[in-house]
Number of protein chains: 2
Amino acid sequence: MSSPLQIQLTELRDQIDQCDTQLVEMLARRNKLTEQVGQLKKEFGSPVYVPAREAQLITARREQANQYGVNPDLVEDILRRMMRESYQNQQAELACVAPDISPCVIVGGEGAMGRLFARQLSRSGIEVRILDKAQQADQQAILDGAKLVLISVPINAVVNVVAKLPKLAADCLLVDITSVKQKPLEAMLSHHQGEVLGLHPMFGPDIEHWVKQTIVVCQGRGGEKSTQLLNQLAIWGSQLVEMPADKHDEAMQIVQVMRHLTTFVYGQFLAKQPHSLDEIKLCSSPIYQLELMMVGRLFAQSPELYTDIMMAQFDNVAPLLTSYQETYQATLDKLKEGDKEGLMAAFSEAKTFFSDSAQHFLTQSKALLNKANDAKVLD
Amino acid sequence: MSSPLQIQLTELRDQIDQCDTQLVEMLARRNKLTEQVGQLKKEFGSPVYVPAREAQLITARREQANQYGVNPDLVEDILRRMMRESYQNQQAELACVAPDISPCVIVGGEGAMGRLFARQLSRSGIEVRILDKAQQADQQAILDGAKLVLISVPINAVVNVVAKLPKLAADCLLVDITSVKQKPLEAMLSHHQGEVLGLHPMFGPDIEHWVKQTIVVCQGRGGEKSTQLLNQLAIWGSQLVEMPADKHDEAMQIVQVMRHLTTFVYGQFLAKQPHSLDEIKLCSSPIYQLELMMVGRLFAQSPELYTDIMMAQFDNVAPLLTSYQETYQATLDKLKEGDKEGLMAAFSEAKTFFSDSAQHFLTQSKALLNKANDAKVLD
């Protein structure tokens, strides 16, 4: 224990611990400062996320890192992680730029997404009322005077829930957050004469802040209240992307339903093999572990939820499912025939589709794999 | 520009910049300290990675974070990122605990993995000689006196390359790093009478350090030199996992070839759809962007390399390909028939296979998604 190595190591490690102690002290100070920034932004109705400030902060510190002989990527990674903390802390104090959408009723407000919206709207000082199964008897009183009605119910229920709503006041904005947009928008437009807006938040209920989170916006019947709501989302830091509902739905079928299905099939396939998950994990390089993680995470969720998502979209998705199957079959045939040229040609076609992004994806995934390795704990 | 908000914000931001400046100074100091630790470890032949020290360092700072009202996860994330830097810096100075495997000849030493091993062995003071196509004429001189011959050639070439090697000295260790293990081991054992070892590094040539990187070890004909080489890998921080070659190869077929194939098919499928990659990206929530990234990254790589990997393994993988296709067909049939019960039953079976890991995967992927969001840059 007191070998020359141990003595010298202990001395160096004590000094490293002093550096790290200083880090924690600095983080405590920085937290207090960013909280004050949050309060100011709330007071003045300024956005939580200011891209130019973020860029300037990072550029300045990268330059300093270069001068000090420190890896600028290390500094940037740490700064970005600290910024997440600051965005999270600033969630506690949010400006209100949409006073005219208060009070707001969240239909399905006891679901996970409903609760997320309820919390965020409340933090911005908007009065939130919940209308879920438990509140059904008081529906009329809850809806009375509502300026925003936000539908947050399962995908299969949306159209029905909208149709069964009582008549809403003309100055009320009706919004849904379903992951399909055409049918809910049609249902809302035919039920309600006032403003109508379709939103698709591209995130789950477990996000820690709204900064840089994408929300797809499909316009229904616009007006002052829709504008206020979109401004409010922007103040929270979200990235708003306008898109026609039909285009959105087509893209979503490819992205969401097809990925669910192939992931679902892959999970079943793995379960049939004579290998335990542990054996498969051991033989997985980091990139395969990441893929395994993304297959496995599906099965932590509700069988009914995912079955419903796949079934609700089946009519639209059927041609895609067949196209995928044909592509698989064609690839299998080429492998059976030993058709190397054919396989390489197919590879090159897909390469063209991904074009410059492929290289970008490679860089991005390398950065993520590094982070996954950082988090690894061995015995 | 000089509104009350601006004035107060500028003041707070100056103070935040002071915190961040202090961070960079601290990182510069810490780098110097970890470099000294690296030199000590080299001198005393100690491992780069000491799990107990890592755990102790993190525990102490998490406790301090709690006392200071700082999020301990923030502190742990930053510490782990700083440790990566320290492991990278310590790569410059590596101990040698395998003096008897020097000189070492790397067959295929001009490939990316060959260069990675060459660099690492050299840093540990082991003499490295490269034997690639360009050096073929001097083969005999290069192999003369070699104590380790490391085969790092494409998967299709291994058996041939081994068979064509001249007779090696009895005191030479013959090793391969191919991603299949049975056939290379057989070829090496029949060609060489001395020590033989099969390794499969579970990482690509672009890793920044060897700490926590998994290497599967398949024993051939053991002895003193094999033990030294494994000790050397452990000193670099790698995680060694012993496994029979047949078990390894079966698991790899499921993990590697099946994932390549389904990813390859998915990429082709996407390329056929009437949507641009940008449209698809916009409609992707972070988890789908991650999946898209992992499909796209394949196509940044060589068509020939991936075609060869799939074709080389085709005979072994054919039953797996058929099983995957049958699973897909069965799922499609259930969807067509509206068999919700059947789909939910299939889901539950896969859920059982993933059991507790599914929840763990969900947590892990959430952490990675947070990190991916941190890195996002919006205009």
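Annotations
- Long-range Cα-Cα pairs in the protein assembly as shown (distance over 40 Å), rounded percent: 43 percent
- Lys, Arg +1 and Asp, Glu -1 on Cβ, resulting dipole of chain B about Cα centre, debye, nearest 20: 420 debye
- Radius 14 Å from Cβ of residue B:258, net charge of other residues (Lys, Arg +1; Asp, Glu -1): -2
- q = 0.18, 0.21 Å⁻¹, region B:248-338: log10 I(q)/I(0) [Debye, one scatterer per Cα]: -0.98, -1.15
- Chain B - percent relative contact order, Cα under 8 Å, separation 6 or more: 11 percent
- Of B:51, B:23, B:70, farthest towards positive along the dipole that unit charges on Lys, Arg, Asp, Glu beta carbons give region B:4-90: B:51
- Ordering B:264, B:289, B:251 by the projection of their Cα atoms onto the charge dipole of region B:248-338, which places +1 on the Cβ of Lys and Arg and -1 on the Cβ of Asp and Glu, puts B:289 at the extreme positive end.
- Modelled spin labels at residue B:134 and residue A:189, positioned 7 Å past Cα toward Cβ, are 6.6 nm from each other.
- Counting only other chain Cβ atoms within 10 Å of each residue's Cβ, the peptide A:71-77 averages 5.
- Chain A: DSSP helices with Cα axial extent of at least 20 Å and average Kyte-Doolittle hydropathy no lower than -0.5: A:258-272, A:314-336, A:340-374
- For peptides A:148-154, B:89-95, A:325-331, A:75-81, sequence by mean Cβ density within 10 Å, most packed first: A:148-154, A:75-81, B:89-95, A:325-331
- Beyond 20 Å, the tail of the calculated P(r) for region B:99-243 holds 40 percent of the Cα pairs.
- For residues of A:308-316, the mean tally of beta carbons on other chains within 10 Å: 2
- With a threshold of 32 Å on the Cα-Cα distance, the over-threshold entries among A:181/B:351; A:371/B:336; A:351/B:133; B:167/B:212 are A:371/B:336; B:167/B:212.
- Under a model in which nothing but the beta-carbon of Lys, Arg (+1) and Asp, Glu (-1) is charged, region A:1-85 shows a dipole of about 420 debye around its Cα centre.
- Region B:309-379 - Debye-derived log10 I(q)/I(0), Cα point model, q = 0.13, 0.14 Å⁻¹: -0.73, -0.80
- Semi-axes of the equivalent ellipsoid for chain A, Cα gyration tensor, largest first, Å: 40, 35, 20
- The packing ranking, built from the mean of other Cβ atoms within 10 Å per residue, places the peptides B:167-175, A:302-310 in the order B:167-175, A:302-310, highest first.
- Residue mean of other protein chain beta carbons inside 10 Å, B:79-88: 5
- Remark: region B:256-379 carries a charge dipole of roughly 300 debye about the Cα centre, counting +1 on each Lys and Arg Cβ and -1 on each Asp and Glu Cβ.
- Under 5 Å, built H, 5+ apart or other chain: amide partners of residue B:214: B:202, B:239
- Euclidean distance between Cα centres, region A:201-247 to region B:326-379, Å: 26 Å
- Computed helical MRE - 222 nm, chain B, DSSP H runs ≥ 4 contributing -39500 (n - 2.57), nearest 500: -20000 deg cm²/dmol
- Taken over the alpha carbons of region A:180-310 as equal point scatterers, the Debye sum produces base-10 log I(q)/I(0) values at 0.16, 0.18, 0.21 Å⁻¹ of -0.95, -1.08, -1.26.
Each value in this text was obtained by applying a stated rule to the coordinates, not by laboratory testing. Source: prediction; values computed, not measured. For neighbour counting, all protein chains shown are included, and Cβ atoms are generated from backbone atoms with ideal geometry for every residue, glycine included.
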